[in-house]
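Accompanying notes for the structure given below.
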Amino acid sequence: MRLKGKVALITGASRGIGREIALRFAGEGATVAVNYRSNKAEADKVVSEIAAAGGRAAAYPADCSKVADIEALAKAVADDFGGTDILVNNAGVFVPMPIEDTTEADWDAQVDLNLKGPFFLVKAVVPAMKAKGGGRIVNITSIAGENGFPNASAYCGSKGGLANLTRALACELAPHRINVNAVAPGNIKTDMNAALRGPGQEAYVQMITERTPGGVPFIDPKDLTGAALFLASDDCRAMHGATLLVDEGWAAW
Ligand code: NAP
């Protein structure tokens, strides 16, 4: 068990990538705080699955684009489990559209959750990590933080910002034995992009398949969990500011 005795807070863990990371970390012995925004039923399902397998978890509602919610979330996890050892900044939102159609609200929704939220989550958990003598922070960025994509400039900006925030915080927190690193997913099969895989999208899926060196247009979210686990474990103690791409080779093209 690679995370035995650790408390892991995973944002956006009711569905998709966050859910799979929560289940994997619990299987490695971590106590898991399953954050969600509104889908309590799905979050409770993750907690039940972990409990049924003999693990420990609890669900926490919080809007991770809002600082007051973030501070309350970190406090609730600390009150229940004694402080966060591993933070996975996973919650995110993707609103693709041309710049002319993008409103201030669309910009704010993406930047507030994808970039501002992770910053304030780190701020909220760092005092406890310092007090414990270290910690692990894993930011879920994107290939859209490494490459540009048309019709997704606000999302790309938020994820590119998170990629460099990872490096800046890594420099600042490394002396405290807190490792800040990132996992950059490629196209992952989750609710986030269900519309891009649905009926009428055959030509788009074909294009993605041909553009992806591995030939897999949408990766199983379970395939992200190994990279996240590595960056949450003792094996990454000499890594700071790194990004692990799990993208079937998209960014290598
Ligand atoms: P998803 O399937 O859409 O799930 C989103 C999760 O985030 C849900 O648990 C949702 O909770 C939660 N959430 C949404 N808004 C929130 C908020 N304001 N505060 C707290 N939680 C919130 O997403 P995903 O595809 O797993 O994506 C996870 C991360 O990977 C995101 O950062 C995304 O940008 C990144 N990523 C995804 C892909 C992809 O292809 N899917 C590619 C690259 C990067 P509720 O269930 O309560 O709504």
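For (1) in a helix (DSSP H, G or I); (2) out of contact with any Phe, Trp or Tyr (no Cβ under 6 Å at 6 or more places or on another chain); (3) at pLDDT 95 or above, each residue gets a yes or a no:
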residue: Glu20; (1), (2), (3): yes, yes, yes
residue: Glu49; (1), (2), (3): yes, yes, yes
residue: Cys64; (1), (2), (3): no, yes, yes
residue: Ile70; (1), (2), (3): yes, no, yes
residue: Leu73; (1), (2), (3): yes, no, yes
Filter segment 81-132 for residues that are small (Gly, Ala, Ser) and more than 19 Å from Gly16 (Cβ to Cβ); the one that is least open to solvent (accessible area, probe 1.4 Å) is Gly83
Restricted to segment 177-200 and to residues being surrounded by 13 or more Cβ atoms within 10 Å (Cβ to Cβ) and away from the ligand (no atom under 14 Å from the Cβ), the residue farthest from the chain's Cα centre (by Cα) is Arg177
Show the residue pairs meeting these rules: Cβ distance below 6 Å; 6+ apart or different chains; first residue within segment 190-215 and farther than 23 Å from Trp253 by Cα and touching a residue at least 12 places away in the same chain (Cβ under 8 Å); second residue within 14 Å of the ligand (Cβ to nearest atom) and open to solvent by 60 Å² or more (accessible area, probe 1.4 Å). Asp191/Arg15
From the list Ala33, Ala41, which residue is outside any loop (DSSP other than H, G, I, E, B) and open to solvent by 30 Å² or more (accessible area, probe 1.4 Å)? Ala41
When the residues of segment 96-143 are filtered to those that are more than 18 Å from Ser65 (Cα to Cα) and without any contact (Cβ under 8 Å) to a residue 40 or more places away in the chain, which remaining residue is farthest from the chain's Cα centre (by Cα)? Glu100
Quick check on segment 67-93: of everything there that is in contact (Cβ under 8 Å) with a residue 12 or more places away in the chain and within 8 Å of the ligand (Cβ to nearest atom), which residue is nearest to the chain's Cα centre (by Cα)? Asn90
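Please indicate, with yes or no, whether at least one residue in segment 136-147 is more than 13 Å from the ligand (Cβ to nearest atom), of a type outside the set (Asp, Glu) and at positive phi. Before the answer, list the steps.
First, pick out the residues of segment 136-147 that are more than 13 Å from the ligand (Cβ to nearest atom): 136-137.
Checking the rest, the ones that are also of a type outside the set (Asp, Glu) come to 136-137.
Then drop every residue that is not at positive phi, which leaves none.
Checked against the condition, which is being more than 13 Å from the ligand (Cβ to nearest atom), of a type outside the set (Asp, Glu) and at positive phi, segment 136-147 yields no hits at all.
The values are calculated or read from the model by the stated rules, or taken from the named source; none is laboratory data. What you see is a predicted model, and the numbers here were worked out from it, not measured in a lab. Virtual Cβ from ideal backbone geometry, glycine too; neighbours counted across all protein chains shown. When the accessible area is computed, the model is the full protein with side chains, heavy atoms only, and any ligands, DNA or RNA have been set aside. Shrake-Rupley method; radii C 1.70, N 1.55, O 1.52, S 1.80 Å.
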